[in-house]
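Engineer: One structure coming up, written as structure tokens, with questions to follow.
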Number of protein chains: 4
Amino acid sequence: MGEMEIRTDLALESREGVASSLDVKRDVICSSVEKLQGIKVSTVEIASEKAQKLMGKPMGTYVTIEGKPVTEQEESYGELLSKELSLVLEKLLTKYKVSSALVVGLGNRMVTPDALGPRTLDYLDINRHLDEEYPITVSAIVPGVMAQTGMETAEIVQGIVKETKPELVVVVDALAARNAKRLGCTIQLSDTGICPGSGVGNHRNAINKETLGVHVISIGVPTVIDARTIVSDAVGDFHGKHEERYEELSRWFVTPKDIDESIQLLSRILADGINHAFSGNKTS
Amino acid sequence: MGEMEIRTDLALESREGVASSLDVKRDVICSSVEKLQGIKVSTVEIASEKAQKLMGKPMGTYVTIEGKPVTEQEESYGELLSKELSLVLEKLLTKYKVSSALVVGLGNRMVTPDALGPRTLDYLDINRHLDEEYPITVSAIVPGVMAQTGMETAEIVQGIVKETKPELVVVVDALAARNAKRLGCTIQLSDTGICPGSGVGNHRNAINKETLGVHVISIGVPTVIDARTIVSDAVGDFHGKHEERYEELSRWFVTPKDIDESIQLLSRILADGINHAFSGNKTS
Amino acid sequence: MGEMEIRTDLALESREGVASSLDVKRDVICSSVEKLQGIKVSTVEIASEKAQKLMGKPMGTYVTIEGKPVTEQEESYGELLSKELSLVLEKLLTKYKVSSALVVGLGNRMVTPDALGPRTLDYLDINRHLDEEYPITVSAIVPGVMAQTGMETAEIVQGIVKETKPELVVVVDALAARNAKRLGCTIQLSDTGICPGSGVGNHRNAINKETLGVHVISIGVPTVIDARTIVSDAVGDFHGKHEERYEELSRWFVTPKDIDESIQLLSRILADGINHAFSGNKTS
Amino acid sequence: MGEMEIRTDLALESREGVASSLDVKRDVICSSVEKLQGIKVSTVEIASEKAQKLMGKPMGTYVTIEGKPVTEQEESYGELLSKELSLVLEKLLTKYKVSSALVVGLGNRMVTPDALGPRTLDYLDINRHLDEEYPITVSAIVPGVMAQTGMETAEIVQGIVKETKPELVVVVDALAARNAKRLGCTIQLSDTGICPGSGVGNHRNAINKETLGVHVISIGVPTVIDARTIVSDAVGDFHGKHEERYEELSRWFVTPKDIDESIQLLSRILADGINHAFSGNKTS
């Protein structure tokens, strides 16, 4: 059983698969706090190269806000999630002491579960072009996906960062989870940036502090499950027995049937949380 | 093994599961013809109540045009599929001798794999409101899905049919297939209309000749696989062993990652085929 | 000077042009109330056939909520407008004693200033398909425009009303104003329905109590000015002097450059107001 | 009478207003050729600083392809326009000898008449990310408008150009015309790039050879008329007499009522023309 089996963008889930091989003080440091209405905020710090390798995720801090799935009826619940996101984000902003940020909405607006990034930016308060002064100057870009642009997203973001010099890049993206129960109700925030492919190392195409030269915060919500995960979960060692078929499954994704409504609500929740943190009004 | 296992809207696939119990002359009559570039046109006639019950599909004729998956590079291949659709449709139009048609684009424009119906109508030639004379007068409606309207689609279509009196209703919809290889490259055309749920019988919510009082042709392309299918295929009798988990899977669908591009191409192919058949210029 | 000059869907503006010929007790009865933050609620009752003819609008009551233009910075101001809309709507609902409503979103989602109706419905709470009980059962339809459907909107709505039997139809539409200052900040609510063309009489294509057999409330916000208005205002009697050119102008509309943002905010304001009135929670 | 009166992005129209003050050999060199079906291809070369100043457009060559308005019925007419665009573009590509291009779709996808750039890119053949060899490597970006990004479009494009090093930038944009008859049926292609504001000089925010360091071709189609133009045309010296009102009009634009259909057709025509020129198959 290797990292191939761990089809998830959530550090919380990556850890589940390999917990027994890791030291909870040296390799992975975890904590979690219960909040109002069953919201749980967990922190996973991947602290050693061994943990990085086993979990398939770069070293750094991952904060996860877990709630129950949001639906249109519970607008106030969405506000609770926004507020938690805002609190976590404010802590990082205070630590980094930045006065300008570029928010990048990754994904493809035309594919519903992949539209979270672009649609979050629809609700974002942009002010870099305005004359007034703001605690944090905010700009934003929806770079599109490679099939639309022919360029690596990292190339586009690097070019814009060099030209417009923000002190922080915030990347918003849809994620894949392993456990279907986490779809649409878990927000992950990390300081590690985004690494396409295997997910570790200083790749040319990563969007992180190494490649951009500025702090990078990534915010994501799982909206799909990899088809391989669903079958592996059901069948046990499917990968070992049916390698060819397993690879074919990588061309598919699995998503809930009410995904459009979820994306609409989630993009609003993320934007509200980010707007509040950037506005400089402390969340109480 | 019951009909629950047969997660498919394609008559061709329904038959595969139960072929051994059916008489090829009395229950199901099949034929198929090879066309240019590997395109295969098959006809499945569900001819007995026994076949209807075993296959979970209403009695009637199902024509399937199977090709290879369409991609942007092969525009001429799309034209071949359009032409085959047009030929099958013309045969039915000649048989029904209609002079007016209402085309209904089922599905949800905001959910990519479900947008085939609405997006096909974007390319349709509508003429009922124009002054000139046409071989077939064409009108069209995108009724929306129940979560958007609060109404059964059948209610909306029945109301409009009674008011505007078309002689034919053509329903365009995205389908679910069992075999992933049929996604995005198989067009099914039938004279049975659309039956939500179990799929058989004179339901109040069906869109068919019984409920509308006019001929109904349904045209569909599989764009998703039911998550249950994918797991069942991999695990054998998953349903029997894990009933609760199996039901949970019904909330998901599985779709290819390049679904947006596929829907764009397929909606154009369907519209071209329908436009040509309605225009009265015989396809050679 | 004839009705041709009065290019407006607002009764308030229609009256301005012909006020001197009308009796303020018998023909047109007007009143207005100042509310918080400069919001003004005016009522124009067109009470005689003479007024109907001179104003080019059917007899009935027109309530206008006038504010200042809404912008993204003033969310609380939008809430004030929603609340006023809700209050006016509740009064009518109490009078009509209806327990079910069909909301119709007129216009073309693809043309920004005409997308107000469809986009308002995106935020509407629909419940007719749900099992629970509600004070008012709500369904909704976006019929599309004639170039898309080939049908008169009235035909579509009549068919659906006969089939699903709501006790009230609410029509949401973008309007044309004469005075540019009213674009995007004036909500008109009337009990007269919608009359295409000259705007008066029992037309086959009207959407009103005569044609549908149920109460009809129309809600609209001006989002465009007719190009003829802008030129006429600037030039005085342009119509008389340049008839041909004047007619050509009818093919154009004039709209503010930030129309996309306005429509986004306005559709939310209208939906909030309608949702609140339908939910049965009295606005205080 | 100053440049304020010349509300047009078309060099052809700029010249009309000031033709008498310019020398046809030294200042502005014009020629035009009649093609099939009434298509007219004109070239305006702004050759002196005097002409640049009087016409309010940078020195360079402007080619205009004028046809009749395209409608859905005349697909073959659209192909003629595509072909002419392709021919003009091929000539420039041969002259510049480039092997890579970045196509920039300017404008706002959410505002119909401003969506020409983004929607043209929907149909563009992108290949920079593919493994095969192509005569010209094509990448593309939709940067968004300043209200969405907080950044000057020029900053975004400069950043991406420095990072990805294309040898040519092609900018696609919706234009404003003075004469309503040119809306939706005139394609302008120039080698001068795009200059926001007054339109002349080496502005920091220009997208041209000076700011990007590579060849820039701009392609545009007029989709709106400035509201000031329409009134000025009707009233003569409106500007002089009513300065305040005149400025207010700059907040509006005027567009045809069938703009959605036009943009759909035009974006396809532009993409077909660009795709063909880039593919290296000579247009006969």
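The values are calculated or read from the model by the stated rules, or taken from the named source; none is laboratory data. All of these numbers come straight from a predicted model, not from anything done at the bench. As a convention, Cβ positions derive from the backbone with ideal geometry for all residues, glycine included, and neighbour counts pool all protein chains shown. Keep in mind that these areas ignore ligands, DNA and RNA; they rest on the heavy atoms of the full protein, side chains included. Shrake-Rupley method; radii C 1.70, N 1.55, O 1.52, S 1.80 Å.
Engineer: Which value in nm describes the separation of the simple spin-label points at D:R204 and C:Y123, placed 7 Å from the Cα toward the beta carbon?
Structural biologist: 3.7
Engineer: Related question: Relative to the other copies, what are the label-point distances for B:E79, with labels 7 Å from Cα along the C-beta vector, expressed in nm at one decimal and sorted shortest first?
Structural biologist: Spelled out, the distances from B:E79's label point are 0.8, 5.9, 6.0 nm.
Engineer: A follow-up question, please. Peptide B:162-170: average number of partner chain Cβ atoms within 10 Å per residue?
Structural biologist: Whole-number average of other-chain Cβ neighbours for B:162-170 is 3.
Engineer: Let me ask something else. Between their Cα atoms, which of C:K25/C:K53; D:K40/D:K91; B:K91/C:K162 are more than 23 Å away from each other?
Structural biologist: B:K91/C:K162
Engineer: In nm to one decimal, list the spacings between the A:K165 label point and its equivalents in the other copies, with label points set 7 Å along Cα to Cβ, shortest first.
Structural biologist: 2.5, 7.2, 7.4
Engineer: Can I ask one more? How big is the equivalent ellipsoid of region B:122-199 along its three axes, where each semi-axis is √(5λ) from the Cα gyration tensor, reported in whole Å from largest to smallest?
Structural biologist: After scaling each eigenvalue by five and taking roots: 26, 19, 12 Å.
Engineer: Put a point 7 Å out from Cα along the line to Cβ at A:C30; what are the distances to that point in the other copies, in nm, shortest first?
Structural biologist: Result for A:C30, in nm, nearest copy first: 5.1, 7.1, 7.7.
Engineer: Continuing with this model, one more query. Among C:252-263, D:34-45, D:206-217, what's the highest-first ranking by average C-beta atoms within 10 angstrom per residue?
Structural biologist: Those peptides, ordered most packed to least, come out C:252-263, D:206-217, D:34-45.
Engineer: Does region C:157-227 classify as rounded, prolate or oblate by the C-alpha gyration tensor (a ≥ b ≥ c root eigenvalues; a/c under 1.5 gives rounded; else a/b over b/c gives prolate, otherwise oblate)?
Structural biologist: Cα axes put region C:157-227 in the prolate bin.
Engineer: Where the centre of each part is set by its Cα atoms, how far does region C:16-71 sit from region D:212-227, in angstrom?
Structural biologist: Rounded to whole Å, the Cα centres lie 45 Å apart.
Engineer: Just the number, please: percent antiparallel of the DSSP beta bridges in region D:1-151, rounded to the nearest 5.
Structural biologist: Here the share of antiparallel DSSP bridges comes out near 75 percent.
Engineer: Considering the Cα positions of chain D, please state its Rg to one decimal place and its Dmax as a whole number of Å.
Structural biologist: Computed over the Cα atoms of chain D, radius of gyration and Dmax are 18.3, 62 Å.
Engineer: Report the D-A buried area as the accessible area lost on both sides summed, probe 1.4 Å, in Å² to the nearest 100.
Structural biologist: What D and A bury together is about 1900 Å².
Engineer: Which residue of chain A is nearest the rotation axis onto chain C, counting by its Cβ, and what is the distance in whole Å?
Structural biologist: Nearest residue, distance rounded to whole Å: A:R268, 5.
Engineer: Sticking with this one: For region B:87-172, which semi-axes, largest first and in whole Å, follow from the square roots of 5 times the eigenvalues of its Cα gyration tensor?
Structural biologist: 23, 15, 13
Engineer: Related question: Largest first, what is the accessible-area ranking of C:R182, B:R26 with a 1.4 Å probe?
Structural biologist: Of C:R182, B:R26, the descending order of accessible area is B:R26, C:R182.
Engineer: Follow-up question, since we're still on this one. Please report, in whole Å³, the volume per residue of the convex hull around the C-alpha atoms of region D:87-231.
Structural biologist: 126
Engineer: Another question about this same structure. Using a basic spin-label model with each label point 7 Å from the Cα along Cα→Cβ, how many nm lie between C:A19 and C:L130?
Structural biologist: 4.6
Engineer: Could you work out the pair-distance distribution P(r) of region D:1-141 from its alpha-carbon pairs, with 10 angstrom bin width and percents rounded to whole numbers?
Structural biologist: In whole percents, the pair-distance histogram is 10, 28, 36, 22, 4, 0.
Engineer: Shifting gears a bit: Mind checking the mean number of beta-carbon atoms from other chains within 10 Å of the Cβ atoms in C:103-111?
Structural biologist: Going residue by residue through C:103-111 and averaging, the value is 3.
Engineer: Something else about it: Inside 10 Å of the C-beta atoms of B:118-127, what's the mean count of C-beta atoms belonging to other chains?
Structural biologist: 2
Engineer: Alpha carbons only, please: Rg and Dmax for region A:17-57, in angstrom.
Structural biologist: When restricted to the Cα atoms of region A:17-57, Rg and Dmax are 12.0, 36 Å.
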